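Have a look at the structure below, then the notes.
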Amino acid sequence: MHFDILTLFPGMFAGPLSESIIQRAQATGLVSIALHNIRDHAADKHHVTDDYPYGGGGGMVMKPGPLFAAVEAILGPEPRASGVPIILLTPQGRQFAQGVAQDLADRERILLICGRYEGVDERVREYLATDELSIGDYVLSGGELAAMVVVDAVTRLLPGALGDPTGALDDSHATGLLEYPHYTRPPEFRGWRVPEVLLSGNHGEIARWRRQEALRRTLARRPDLLARASLTAKDREFLRSLGYREQDKDMEMPARE
Ligand code: 9D3
């Protein structure tokens, strides 16, 4: 997988991309990441990348010229014809989620454009980008952290990126449920015991306990997920024992368990 990332702040990426899974994926050749400074593609001698908005109002807008020039330098004169997704990170995009990460993990190359200022000239979304993604409903200072989120979520889905090959399958957002509680040694810490079933060695009982705890936790914290999770008859029976009724699926998220 090759990522091209266009940004005015390439230095922001140094830390996150040089640690852990992403670092290992780059070292083994599974992933390559090219950072491109948008300023390098500005035509004027001062390398200006922003300008005042037509029609007035506060804030600045990213000029289209440097962004088109950067993408054309990377993908060629008809970047949309290259088949490479050209993804603009923007608060107005569709929300990034595990399913989007899975689709992107099937591509061989992805280009990410990080916006700054109040936004980018509308012609960038209309005639250059092929997709627009947001990572959630909160205000960031720019698309850089969002791009890192996308790189991280996609990279760990690539076969061979995780040490443990079962890792990505068991993910809460792959099963559609929140995860069951995890424990490790010691069996008693400050008087708090690990649930006895986990020490029993009874793998059938352990699997049942974990499934039920995942269901219990999902009902308590993210009942919205239950509507889309694949549930067995036994799962539904257990949820009913907790007071779950199917019409509860759209109820409000509680503050805390
Ligand atoms: C005043 C209106 N603001 C929109 C909420 C303007 C604005 C705020 C922040 C415009 C751009 C930004 C910078 N954010 C991103 O570029 C961004 C982002 C985000 O803020 N939240 C979630 N996902 C993303 S992806 C890119």
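Of note:
- Fraction of beta bridges assigned by DSSP in the chain that are antiparallel (%, nearest 5): 15
- Exposure proxy for Lys234, Lys63: other Cβ atoms within 10 Å of each Cβ, ordered fewest to most, give Lys234, Lys63.
- Sorted ascending by nearby beta carbons within 10 Å, beginning with the fewest, Ile135, Ile21 become Ile21, Ile135.
- For the chain, size of Cβ-based charge dipole, Lys and Arg +1, Asp and Glu -1, in debye: 880
- Spatial offset of segment 74-128 relative to segment 13-41 amounts to 17 Å, using the alpha carbon center of each.
- Its Cα centre serving as origin, segment 188-252 has a Cβ charge dipole (Lys and Arg +1, Asp and Glu -1) of approximately 80 debye.
- The helix-only estimate of mean residue ellipticity at 222 nm for the chain, built from DSSP H runs of length n ≥ 4 each weighted as -39500 (n - 2.57), is -9500 deg cm²/dmol after division by the residue total.
- Percentage relative contact order, the chain, counting C-alpha pairs under 8 Å, at least six apart: 17
- Least to most buried among Tyr127, Tyr180 (fewest other Cβ within 10 Å first): Tyr127, Tyr180
Read the figures in this text as sums done on the coordinates, not as results from a lab. These numbers come from a predicted model, not from an experiment. Methodologically, a virtual Cβ is constructed for each residue, glycine included, from the backbone with ideal geometry; neighbour enumeration extends over all protein chains shown.
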